[in-house]
Ligand SMILES: *Cc1c(COP(=O)(O)O)cnc(C)c1O
């Protein structure tokens, strides 16, 4: 039996809510599931507003625009993330300024941000990597000192907390994704959260063609980034059991950690002592010398045993698309090392403990350790 790296966990309630959309004909971008999903998600994040949209990338784009980022502005973001993080900045015709990350969490390193700030810097974008919340203290003081906006990319961290505050409420504006492999999913979908009414109004406007009164008369460029009621139906059903979905991945992480922590050459997923992390994907690092095999060879061997895995993200400053645009790349030591050593293991919420243990045993037997 193959074990996929991640599948959505879909139950009866998801099915019955979608059925209701079909039965009532509310299949487009208005309907009660959208309103209920938005209201409940705002509650979940402890924010005043939650505005749904078509996916995590459009949520980030809307967040950047609504934060007031203009062409030519600079936004500091981690060098280690998915390409959507820097693309959202580029879509706004602003410039991503890449910052190295912490070697253990993969989160932006708060101590390396200040020297990147220029008069053109308008915001810091943080990414809570693999569900681990960013240490915000230093970032708050920089934002205050230089009058910067804080944008959260919380696509991987539904339900995580920095100290006792939920991600999505830590900065001026935040973006979430509900892609198929995310902790809460609706196939494709996104959400922007904020406590700022002006930002919320701007997001609502821009996601819907910038429609104003009189209708069909436009004074700015908007987008069609709307979520459908069908997506929201799935999302609401998922959100109604968010605690269960989060807990299942937490238990998954504990089983992986317990079984892999003594295997030489494997660094297990880091814990968080300044808040509450969640587990998006169970991430490990392979030290080739100590493990006796490269990360890539381990992945290939696992694949041959029916176990699907993924590498970590590629450093953003060295993505060819960005290298061409900015004429070269910055080799940041920590993001380069994560890219070479990191991988994540199967992490579906409904994965059975036998399957998790099979993954661990297979890794150990590949190493010749059983
Ligand atoms: C998944 C993800 C996104 C993009 O979300 P989509 O819904 O796939 O567009 C953005 N940022 C991070 C950190 C992600 O993991």
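The values are calculated or read from the model by the stated rules, or taken from the named source; none is laboratory data. All figures in this text were calculated on a predicted structure; none of them were measured in a lab. Note that each Cβ is placed from the backbone with ideal geometry, even for glycine, and that neighbours are counted across all protein chains shown.
Points worth noting:
- Test: residue in the range 230-239 that is within 23 Å of the chain's Cα centre (by Cα), surrounded by 13 or more Cβ atoms within 10 Å (Cβ to Cβ), modelled with pLDDT of 95 or more and assigned to a loop (DSSP other than H, G, I, E, B): no
- All of 34, 89 fail the test of being under 27 Å from residue 209 (Cβ atoms), buried (at least 16 other Cβ atoms within 10 Å of the Cβ) and more than 15 Å from the ligand (Cβ to nearest atom), apart from 34.
- Residue 112 vs. criteria free of Cβ contacts under 8 Å to residues at least 60 places away in the same chain, farther than 23 Å from residue 334 by Cα, over 20 Å from the mean Cα position of the chain (by Cα) and more than 16 Å from the ligand (Cβ to nearest atom): no
- Residue 39 falls short on exactly one of the conditions (1) assigned to a helix (DSSP H, G or I); (2) in contact (Cβ under 8 Å) with a residue 40 or more places away in the chain, and that condition is (2).
- Subset of the range 147-164 (residues that are outside any loop (DSSP other than H, G, I, E, B) and either under 10 Å from residue 276 (Cβ atoms) or within 12 Å of the ligand (Cβ to nearest atom) (or both)): 151, 152, 153, 161, 162
- The residue pairs whose first member lies in the range 119-143 and is closer than 20 Å to residue 183 by Cβ and assigned to a loop (DSSP other than H, G, I, E, B), whose second member is more than 12 Å from the ligand (Cβ to nearest atom) and modelled with pLDDT of 95 or more, and whose beta carbons are closer than 6 Å, counting only pairs six or more residues apart or on different chains, are 128/160; 132/105; 132/272; 132/277; 133/160; 133/162; 133/275.
- Total residues in the range 330-339, condition over 20 Å from the mean Cα position of the chain (by Cα) and either at pLDDT below 95 or under 18 Å from residue 83 (Cβ atoms) (or both): 3
- Residues located in the range 46-66, provided they are more than 16 Å from the ligand (Cβ to nearest atom) and either more than 21 Å from residue 121 (Cα to Cα) or not in a helix (DSSP H, G or I) (or both): 46, 47, 48, 49
- Looking only at the range 183-202, residues that are near the ligand (Cβ under 9 Å from one of its atoms) and either surrounded by 22 or more Cβ atoms within 10 Å (Cβ to Cβ) or closer than 15 Å to residue 43 by Cα (or both) come to 2 in all.
- Residue ID - nearest to residue 301 (Cα to Cα), chosen from residues in the range 271-287 that are crowded, with 22+ Cβ neighbours inside 10 Å and touching a residue at least 60 places away in the same chain (Cβ under 8 Å): 284
- Pairs, first on the phi > 0 side of the Ramachandran plot and touching a residue at least 40 places away in the same chain (Cβ under 8 Å) in the range 160-187, second crowded, with 24+ Cβ neighbours inside 10 Å and assigned to a strand (DSSP E or B), C-beta under 7 Å, six or more apart: 168/152; 168/174; 168/176; 168/193
For (1) within 16 Å of the ligand (Cβ to nearest atom); (2) surrounded by 19 or more Cβ atoms within 10 Å (Cβ to Cβ); (3) under 30 Å from residue 222 (Cβ atoms), each residue gets a yes or a no:
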| position | (1), (2), (3) |
| --- | --- |
| 84 | yes, yes, yes |
| 106 | yes, yes, no |
| 119 | no, no, yes |
| 126 | yes, yes, yes |
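- When the range 323-366 is filtered for residues that are in a loop (DSSP other than H, G, I, E, B) and closer than 22 Å to residue 98 by Cβ, the ones remaining, listed by number, are 327, 328, 329, 330, 331, 332.
- Which listed residue, of 13, 23, 39, is within 30 Å of residue 349 (Cα to Cα), touching a helix residue (DSSP H, G or I) at 6+ places or on another chain (Cβ under 9 Å) and surrounded by fewer than 20 Cβ atoms within 10 Å (Cβ to Cβ): 13
- Taken over the range 274-292, the criterion of being within 20 Å of the chain's Cα centre (by Cα) and either more than 16 Å from the ligand (Cβ to nearest atom) or closer than 15 Å to residue 359 by Cα (or both) is satisfied by 274, 275, 276, 281, 282, 283, 284, 285.
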